1. Restricting to region 12-21, give me the number of residues that are more than 9 Å from ligand 1 (Cβ to nearest atom), at pLDDT below 95 and either farther than 17 Å from residue 178 by Cβ or not in a strand (DSSP E or B) (or both).
2. Quick check, is residue 106 in contact with a helix residue (DSSP H, G or I) (Cβ under 9 Å, 6 or more places away or on another chain) and within 14 Å of ligand 2 (Cβ to nearest atom)?
3. Please give the number of the condition residue 140 fails out of (1) over 17 Å from residue 30 (Cα atoms); (2) within 15 Å of ligand 2 (Cβ to nearest atom); (3) touching a helix residue (DSSP H, G or I) at 6+ places or on another chain (Cβ under 6 Å).
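The values are calculated or read from the model by the stated rules, or taken from the named source; none is laboratory data. Model, not experiment: these values are computed from the prediction. Glycine gets a Cβ as well: all are built from the backbone with ideal geometry, and neighbour counts include every protein chain shown.
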Ligand SMILES: C[C@@](CO)(OP(=O)(O)O)[C@H](O)COP(=O)(O)OP(=O)(O)OC[C@H]1O[C@@H](n2ccc(N)nc2=O)[C@H](O)[C@@H]1O
Ligand SMILES: Nc1ncnc2c1ncn2[C@@H]1O[C@H](COP(=O)(O)OP(=O)(O)O)[C@@H](O)[C@H]1O
């Protein structure tokens, strides 16, 4: 018997990078939101020992470097159990796309394995496991809209907002996250804290003005747009666009198709555009597809829906 878990993607609404820290990571600020695109992770448990990963995509490692492998090993350790664990990943999201696919897979593994073992970890134990594997796993422990601080692993869930239509475009090029951080260091090291301070200020203003803690009616639908319109841009664009010019062109194409806000997600290579309606997003995706780009219309995924639809 297997448990099938939907492993969702994220996008970053703004991302600011601070200086490199003593531990090699960078302080950062970002607003994450889960989106409705997902892949499937299935988890099976048998008598015995060992963790086996299966995935048809050759770009995904099936050894102990796979995020699902790491997650399964840490869950078994935390629970003090021995078991044979079989994990299959049905890959649907881009690899090195800035959509957090590998991170989402690891969190899906934690929840799937808990269910298969009939045991529950505490929220603190889950967060500790997530942090050991990477910087942007913790957002998937909440879903919906979350503020990311620290190296990205400190997450602050915000009240759920209604979903907003968007189009994602992933060009056939991957961007390595550590390489993008290194490029940022050589470009703007001393500026780091300035961009972070600006982000803090913009988000604070938005939180105070928006009434996010006390949502009501139609106003909530424009809150995400209000947020991106504060000017919370993605610092990675400054290093990734000059390196891979086609990404800037894709952002411009999204804007030409009517996106209210377009940006690189994380370190890329995915670009997304936010749209006022699903119909506008679908039309834009069709037009971008016919111009030769790989575009998909989807929407942001509120927390409530994330949890409701996690298990297939
Ligand atoms: C940049 C972001 C933004 O959401 O997303 P992606 O574009 O990868 O999706 C994330 O911070 C990515 O998180 P994640 O993919 O878990 O990265 P990690 O495995 O923790 O780190 C990979 C490498 O990136 C660098 N790194 C990562 C995070 C951070 N705050 N500072 C860093 O310098 C380090 O060199 C680290 O060794
Ligand atoms: N479960 C996994 N799925 C996909 N990639 C994985 C996985 N585990 C480890 N990796 C490695 O992590 C790298 C980046 O992961 P991915 O989530 O696709 O990118 P990003 O961090 O840009 O969103 C991949 O190049 C791959 O080698």
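1. Step one: of region 12-21, the residues more than 9 Å from ligand 1 (Cβ to nearest atom) are 13-14, 16, 19.
Those left that are additionally at pLDDT below 95: 19.
Narrowing further to those that are either farther than 17 Å from residue 178 by Cβ or not in a strand (DSSP E or B) (or both): none.
Residues that pass the stated criteria total 0.
2. So residue 106 fits the description; yes.
3. Among (1) over 17 Å from residue 30 (Cα atoms); (2) within 15 Å of ligand 2 (Cβ to nearest atom); (3) touching a helix residue (DSSP H, G or I) at 6+ places or on another chain (Cβ under 6 Å), residue 140 violates only (1).
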